[in-house]
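*Asks:* I have a structure here, written as structure tokens, and I will follow up with some questions on it.
The values are calculated or read from the model by the stated rules, or taken from the named source; none is laboratory data. Being a predicted model, the structure only gives us computed values, none of them experimental. Note: ideal-geometry Cβ built from the backbone for every residue, glycine included; neighbour counts use all protein chains shown.
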Amino acid sequence: MLATRDPGGAEMYRLFMFLSAGLLVILPAWAGANPYPDLSNCTAVTAATEPVSAYTLPDGSGDPLRTCCAFGGGKIDASITLQLLDWYLNPIPGIPAEDMWLESDGVNFCPGGAVADGDTDASGITTWRSAPAGGAASQPGAGTRVMVIGMSLPQPDLDIRFHSPDLNGDRQVNLTDVVHFIQDYLGDYDWRSDFHWDGVLDLSDVVLLAQGLGKECP
């Protein structure tokens with residue numbers, strides 16, 4: 001008599017154990033202790049009530065998000081608050097800061113340069129208030145996405161953009177960037193070099209370029 005396979009017995013058990021082991025490799029280390037966030041229940045909001053730009057340097061010494069630049073040069077709080085909830089709308093505490101970060105099309109953040117300020121608290125909340133570290137500028141029309149464990153929240157991008165005197169995005173500000181700035185300054189207006197963000201390239205932008213010279217990722 002030919003042997004038959006028993007899909008409801010040992011074969012299925014071995015398959016289940018194999019898949020479970022693979023899932024444990026994929027999930028982050030905290031997943032066994034904490035509920036998994038349901039991104040459709042999670043929210044990220046900014047304190048800014050109008051579009052803003054953050055003057056960003058590769059060493060993280062640029063504008064903190066709590067003092068971003070509104071159009072015309074005025075300072076405005078653009079801090080970001082993220083709350084993580086599970087499928088049952090329960091808050092998820094203790095998610096590591098490095099598992100939550102910001103992205104903006106065109107910007108080249110330094111490693112760890114856009115992660116949350118801290119782990120989620122008892123209410124599942126973390127924030128971004130300090131200065132990001134990175135180079136290049138947000139593409140025209142681009143905003144900021146909040147990423148959680150490699151996935152973006154399913155919501156519109158936040159109206160926050162980034163300028164950096166690291167114009168070529170190599171994560172350091174040097175003479176190459178000065179050449180790019182001069183080309184923008186003498187040519188048609190290019191928003192990437194409008195660090196003061198007032199619609200014109202002038203001495204205020206030259207000052208911010210000079211302040212960034214020599215800065216690079218840690």
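*Asks:* Mind checking whether some residue in segment 154-169 is among the small types (G, A, S), crowded, with 16+ Cβ neighbours inside 10 Å and on the phi > 0 side of the Ramachandran plot?
*Replies:* Yes, that holds for at least one residue.
*Asks:* Here's something else I'd like to know. Hey, can you tell me all the residues within segment 60-90 that are touching a Leu at 6+ places or on another chain (Cβ under 6 Å) and not polar (S, T, N, Q)?
*Replies:* A78
*Asks:* Which residues, counting only those in segment 77-123, are under 16 Å from D38 (Cα atoms), touching a residue at least 60 places away in the same chain (Cβ under 8 Å) and among the small types (G, A, S)?
*Replies:* G94, the sole residue that qualifies.
*Asks:* Confirm whether G113 is more than 30 Å from V178 (Cβ to Cβ), small (G, A, S), modelled with pLDDT of 95 or more and surrounded by 18 or more Cβ atoms within 10 Å (Cβ to Cβ).
*Replies:* No: the conditions fail for G113.
*Asks:* Taking M100 as meeting all but one of (1) crowded, with 16+ Cβ neighbours inside 10 Å; (2) of a type outside the set (F, W, Y); (3) over 12 Å from the mean Cα position of the chain (by Cα), write down the number of the exception.
*Replies:* Of everything listed in (1) crowded, with 16+ Cβ neighbours inside 10 Å; (2) of a type outside the set (F, W, Y); (3) over 12 Å from the mean Cα position of the chain (by Cα), M100 misses just condition (3).
*Asks:* Taking G212, is it farther than 30 Å from Y36 by Cα, of a type outside the set (S, T, N, Q), more than 19 Å from the chain's Cα centre (by Cα) and surrounded by fewer than 15 Cβ atoms within 10 Å (Cβ to Cβ)?
*Replies:* It is false that G212 is farther than 30 Å from Y36 by Cα, of a type outside the set (S, T, N, Q), more than 19 Å from the chain's Cα centre (by Cα) and surrounded by fewer than 15 Cβ atoms within 10 Å (Cβ to Cβ).
*Asks:* Ok, one more. Do the conditions hold for A133, that is, is it within 16 Å of C68 (Cα to Cα), touching a residue at least 24 places away in the same chain (Cβ under 8 Å) and surrounded by 23 or more Cβ atoms within 10 Å (Cβ to Cβ)?
*Replies:* For A133, the condition - within 16 Å of C68 (Cα to Cα), touching a residue at least 24 places away in the same chain (Cβ under 8 Å) and surrounded by 23 or more Cβ atoms within 10 Å (Cβ to Cβ) - is met.
*Asks:* Can you pull out the residues in segment 170-204 that are loosely packed, with under 15 Cβ neighbours inside 10 Å and part of a loop (DSSP other than H, G, I, E, B)?
*Replies:* Within segment 170-204, G187, D188, Y189, G199, V200, D202 meet the criteria.
*Asks:* Looking only at segment 134-168, which residues are closer than 23 Å to D119 by Cβ and assigned to a strand (DSSP E or B)?
*Replies:* G134, T144, R145, V146, M147, V148, M151, S152, L158, I160, listed by residue number.
*Asks:* Go through segment 42-80 and count every residue that is of a type outside the set (K, R) and either assigned to a loop (DSSP other than H, G, I, E, B) or surrounded by fewer than 16 Cβ atoms within 10 Å (Cβ to Cβ) (or both). Break it down into steps so the answer makes sense when it comes.
*Replies:* Kept after step one, since they are of a type outside the set (K, R), are these residues of segment 42-80: 42-65, 67-74, 76-80.
Among the residues that remain, those that are also either assigned to a loop (DSSP other than H, G, I, E, B) or surrounded by fewer than 16 Cβ atoms within 10 Å (Cβ to Cβ) (or both) are: 42-43, 45, 47-51, 56, 58-64, 71-74, 77-79.
Result for segment 42-80: 23.
Listed here are the residues, each with its yes/no results for (1) assigned to a loop (DSSP other than H, G, I, E, B); (2) among the aromatic types (F, W, Y).
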| site | (1), (2) |
| --- | --- |
| L82 | no, no |
| W87 | yes, yes |
| P93 | yes, no |
| E98 | no, no |
| G106 | yes, no |
| G112 | yes, no |
| S123 | yes, no |
| A131 | yes, no |
